[in-house]
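Down below is the structure, laid out as structure tokens.
The values are calculated or read from the model by the stated rules, or taken from the named source; none is laboratory data. Note that the structure is predicted; figures quoted are calculated from it, not measured. All Cβ positions, glycine included, derive from the backbone under ideal geometry; neighbour counts span all protein chains shown. When the accessible area is computed, the model is the full protein with side chains, heavy atoms only, and any ligands, DNA or RNA have been set aside. Shrake-Rupley method; radii C 1.70, N 1.55, O 1.52, S 1.80 Å.
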Amino acid sequence: MPETHADGSEHAHQHSDHHLCANLFGCGDEKGTGVIREDIKDAAFGHRARDSLLHMDEVDQESLDGYLSARGHWRRKFLQASSFMGALAAVEPWFARLARAQEPAARPGRSSDAGGRVHVVPSTKETVRLGVFDANLAPILTIDSGEIISFPDTWSHFLNEMQPGVPIDTLAKLRVDNPGKGPHSIIGPIAVNKAEPGDVLEIRYERIRPYEWGAVFNNPGALGTGLLPQDYAQGQVKYVDLDLRAMTSEFLPNITIPLKPFQGTLGVAPPDGYFPPLSPGVTSSVPPGPHAGNLDLSDLSEGSTLYIPVWKPGALVYTGDSHAVQGDGEISLTALETRMKELRIKVILHKQKNMAWPVAETDSHWIIMGLDKDLNAAMTLAARNAIKFLATRAKIGELDAYALCSIAVSFRVTQVVDIVRGVHALIPKSIFAPELRREMTMV
């Protein structure tokens with residue numbers, strides 16, 4: 001278990017429920033009702049061969065094994081960096097013994113930072129959850145506002161179960177024994193002292209450092225995942241080396257991709273009733289929502305900030321799904337999945353700000369989210385949230401904010417593969433006079 005370290009260096013329409021969130025950023029009809037319907041809940045307990053793939057964005061290894069393209073290749077760096085045995089240890093005692101035999105034990109450490117007290121949370125079988133936010137668990141760590149969390153050697157999300165030489169019956173058994181779960185691994189929960197519903201967490205991404213490899217894949221079309229399963233019957237896994245000095249990767253000869261590492265998932269425990277629970281207090285970690293979670297927002301790179309409404313006492317922070325780079329849309333199902341050598345975040349608690357949806361901020365933009373199973377509804381919500389943001393922060397009329405969104409704000413598809421689709425509105429800070437820009441604070 002992680003330890004606490006004492007060393008420190010440092011929408012325009014009205015709705016009867018608007019009072020729940022001060023009518024900010026689209027709260028109202030869209031605050032959660034029907035975003036994920038009972039069909040999704042039922043799918044979680046369907047045919048085991050699919051292993052609830054409509055509910056979880058995971059790999060069905062038994063089906064994948066017969067379809068993978070020979071174009072996928074295994075690299076020694078990948079084998080050295082991926083902690084497969086550690087991932088299996090989270091769900092199977094036998095693998096725990098293997099993990100202890102194969103790898104040195106990861107223990108909590110301590111460090112100091114000029115920005116505040118630092119807590120180190122390694123990825124272990126005690127700290128990593130597979131596929132769910134579980135509000136019933138005791139926190140693995142409790143921190144105070146202003147403190148820093150360092151996550152060294154994060155697990156690699158999907159890739160933990162994709163090592164060569166693992167018997168197919170072992171992988172099948174993992175799925176039978178863990179219905180509704182899979183290798184969507186997340187670290188948590190981490191509680192924040194004095195956090196309560198109505199508060200907001202400010203998450204500052206201070207350091208994001210990936211390993212030297214990554215992989216992108218699509219499932220076989222029969223599994224129905226990704227944007228175009230009907231077009232591509234064959235699945236593929238493609239491995240890519242990362243040049244961390246140049247911050248690029250060679251996708252193919254003569255095709256070089258600039259890297260922009262970020263965490264696909266960072267969020268808090270969801271509000272009750274927003275998602276149909278898998279069991280009381282337990283919800284899927286796949287779909288994003290008002291708790292943030294699996295946003296897959298590529299702008300949340302090093303130096304950015306994410307503001308998340310708190311829905312449960314203690315907030316209960318989770319993170320995972322490490323990415324080296326992603327295009328908006330994430331259409332095949334995955335970004336360039338990797339592990340992080342270190343993710344470091346600073347957590348600041350703001351009392352009773354009553355935001356309804358997560359908002360991101362970079363040096364150049366405010367980023368407003370819209371999330372819904374229907375992409376059109378997600379676009380509508382993003383627009384309403386952006387209008388409300390501009391009206392309240394820039395102190396302009398909503399008709400002017402509507403017009404400003406049409407001529408100066410870019411709306412982009414965040415992702416379309418995690419049950420709930422995302423649209424994010426990019427509001428450029430440069431269009432506002434410096435005095436006004438300084439006044440347009442999030443919290």
Assess whether residue 279 counts as being at pLDDT below 95 and either more than 19 Å from residue 423 (Cα to Cα) or open to solvent by 10 Å² or more (accessible area, probe 1.4 Å) (or both).
yes
For segment 343-374, enumerate the residues that are β-branched (Val, Ile, Thr) and out of contact with any His (no Cβ under 8 Å at 6 or more places or on another chain).
345, 347, 348, 359, 362
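For every residue, the table says whether it meets (1) of a type in the set (A, V, I, L, M); (2) surrounded by fewer than 24 Cβ atoms within 10 Å (Cβ to Cβ).
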| site | (1), (2) |
| --- | --- |
| 186 | yes, no |
| 198 | no, yes |
| 205 | no, yes |
| 214 | no, no |
| 230 | no, yes |
| 234 | no, yes |
| 242 | yes, yes |
| 245 | no, yes |
Which one of these does residue 431 not meet: (1) in contact with a Lys or Arg (Cβ under 6 Å, 6 or more places away or on another chain); (2) at pLDDT 95 or above?
(1)
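Let's see how each residue does on (1) polar (S, T, N, Q); (2) part of a loop (DSSP other than H, G, I, E, B); (3) under 28 Å from residue 118 (Cα atoms):
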site	(1), (2), (3)
360	no, no, yes
369	no, no, no
377	no, no, no
383	no, no, no
395	no, yes, no
399	no, no, no
404	no, no, no
407	no, no, no
Residue in segment 145-152 that is more than 25 Å from residue 297 (Cβ to Cβ), out of contact with any Phe, Trp or Tyr (no Cβ under 8 Å at 6 or more places or on another chain) and modelled with pLDDT of 90 or more present:
no
If you go through segment 273-285 one residue at a time, do you hit one that is under 15 Å from residue 197 (Cβ atoms), among the hydrophobic types (A, V, I, L, M, F, W, C) and touching a Gly at 6+ places or on another chain (Cβ under 9 Å)?
no
Exactly one of 171, 130, 227 is at pLDDT below 90 and under 19 Å from residue 287 (Cα atoms), and that residue is 130
Unique residue being in a strand (DSSP E or B), hydroxyl-bearing (Ser, Thr, Tyr), under 19 Å from residue 186 (Cβ atoms) and in contact with an Asp or Glu (Cβ under 6 Å, 6 or more places away or on another chain) when the list is 265, 319:
265
Scan segment 341-354 and tell me whether some residue there is β-branched (Val, Ile, Thr), within 30 Å of residue 212 (Cα to Cα) and open to solvent by less than 40 Å² (accessible area, probe 1.4 Å).
yes
